[in-house]
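The values are calculated or read from the model by the stated rules, or taken from the named source; none is laboratory data. Keep in mind it's a predicted model, so treat the numbers as computed, not measured. Cβ placement follows ideal geometry from the backbone for every residue including glycine, while neighbour counts extend to all protein chains displayed.
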Amino acid sequence: MTGRAGTALLALIVLFCLLTPMLSGYDPHLPDLGHALLPASTEHWLGTDQLGRDLLTRTAAAGRTSLLFALAITAITTILGTLFGTVAGLAGGMPDRLLRLAAAMALALPGLTLALALAGVLPPGYVTVLAALVPLGWVNCGLVAHTATRRVAASGYVLAARAIGASSLYLLRRTIGPHIAGPVLTVATADFARTLITVTSLSFLGIGLPPPETDWGGMVSEATPLLVATPRLAMMPALALALTGLAVALVVDARHEPGRPPEG
């Protein structure tokens, strides 16, 4: 039940972010100082911001940037983690030791800390965020893939397949891959929420996307000087981020519900 609720809520948020900028008659980036800080009305459902931009349209456009960028980073780290974790789980030896070393480095140097260090060297933008989150962002997925691969590789049917001459590629494609897909998908979903929060945090700190591009964190950062006078400017992107995090959390929790059949 919680999984369906989370999926439905996440779908509504995605549709809002994708469709609103297309259907709205307002440019989310074009200032209109003559209509700055207008209250909510039938013309501007959430009012306008300090530069006269429609707040509803800008929140949706910023959400589209946040979701797509977080999804892209999660896809990259999931693919890298799955590949490295599977190889380390099957081969052992040096790949296994490298995975454990990467896990220790990720624990000692989180992505947010690395981004703050890179901010003094690289300009704000996509490259800085990618350089901060991708190099060690795959480790969590890699550890899950490694554990699942070792468990499946030690099972009787895999040992029997090896005994009759099945190749490692065949085992990966037909036997191991389908059985590790469930755990990998679960950790990727959780990683997406974590990446989304990290990306918006970096934008809030001024390390994220440079103007005129913005995401939810950038919107909150822009609205901070007016937080007391016009709190809705920060509340709307913050609420959208909180609802997205809640939706993803419901989906992840549903995959761990007691009594749920095992993956694969």
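Got a sec? Which of Pro178, Pro231 is surrounded by fewer than 19 Cβ atoms within 10 Å (Cβ to Cβ) and under 27 Å from Ala148 (Cα atoms)? First the steps, then the outcome.
Numbers: Pro231 fails: under 27 Å from Ala148 (Cα atoms).
Exactly one of Pro178, Pro231 is surrounded by fewer than 19 Cβ atoms within 10 Å (Cβ to Cβ) and under 27 Å from Ala148 (Cα atoms), namely Pro178.
Only one of these conditions is not met by Ser24: (1) crowded, with 19+ Cβ neighbours inside 10 Å; (2) among the small types (Gly, Ala, Ser); (3) over 22 Å from Leu196 (Cα atoms). Which number is it?
Status for Ser24: all satisfied but (1).
Hey, Pro123 hits all of (1) under 19 Å from Ile207 (Cα atoms); (2) in a helix (DSSP H, G or I) but one; which does it fall short on?
Single failed check for Pro123: (2).
In the stretch 182-229, what residues are assigned to a helix (DSSP H, G or I), small (Gly, Ala, Ser) and either in contact with an Asp or Glu (Cβ under 7 Å, 6 or more places away or on another chain) or more than 30 Å from Ala154 (Cβ to Cβ) (or both)?
Gly182, Ala193, Ser201, Ser203, Gly217, Gly218, Ser221, Ala223
Mind counting the residues in the stretch 137-191 that are aromatic (Phe, Trp, Tyr) and modelled with pLDDT under 90? Step through it out loud before you land on a result.
As a first pass, look at the stretch 137-191 and keep what is aromatic (Phe, Trp, Tyr): 138, 157, 170.
Filter again for modelled with pLDDT under 90, leaving 157, 170.
Count: 2.
Please go through the stretch 199-225 and pick out each residue that is modelled with pLDDT of 90 or more, of a type in the set (S, T, N, Q) and surrounded by 22 or more Cβ atoms within 10 Å (Cβ to Cβ).
Of everything in the stretch 199-225, just one residue is modelled with pLDDT of 90 or more, of a type in the set (S, T, N, Q) and surrounded by 22 or more Cβ atoms within 10 Å (Cβ to Cβ), namely Thr200.
So Pro123 fits all but one of (1) within 20 Å of Leu209 (Cβ to Cβ); (2) free of Cβ contacts under 8 Å to residues at least 24 places away in the same chain; what number is the exception?
Condition not satisfied by Pro123: (2).
What are the residues in the stretch 92-111 that are surrounded by fewer than 16 Cβ atoms within 10 Å (Cβ to Cβ) and hydrophobic (A, V, I, L, M, F, W, C), if any?
Of everything in the stretch 92-111, those that are surrounded by fewer than 16 Cβ atoms within 10 Å (Cβ to Cβ) and hydrophobic (A, V, I, L, M, F, W, C) turn out to be Met94, Leu98, Leu101, Ala104, Met105, Leu107, Ala108, Leu109.
Listed residues Leu67, Leu37, Leu46; which is touching a residue at least 40 places away in the same chain (Cβ under 8 Å), assigned to a loop (DSSP other than H, G, I, E, B), crowded, with 19+ Cβ neighbours inside 10 Å and of a type in the set (A, V, I, L, M, F, W, C)?
Going through Leu67, Leu37, Leu46 in turn, the sole match is Leu46.
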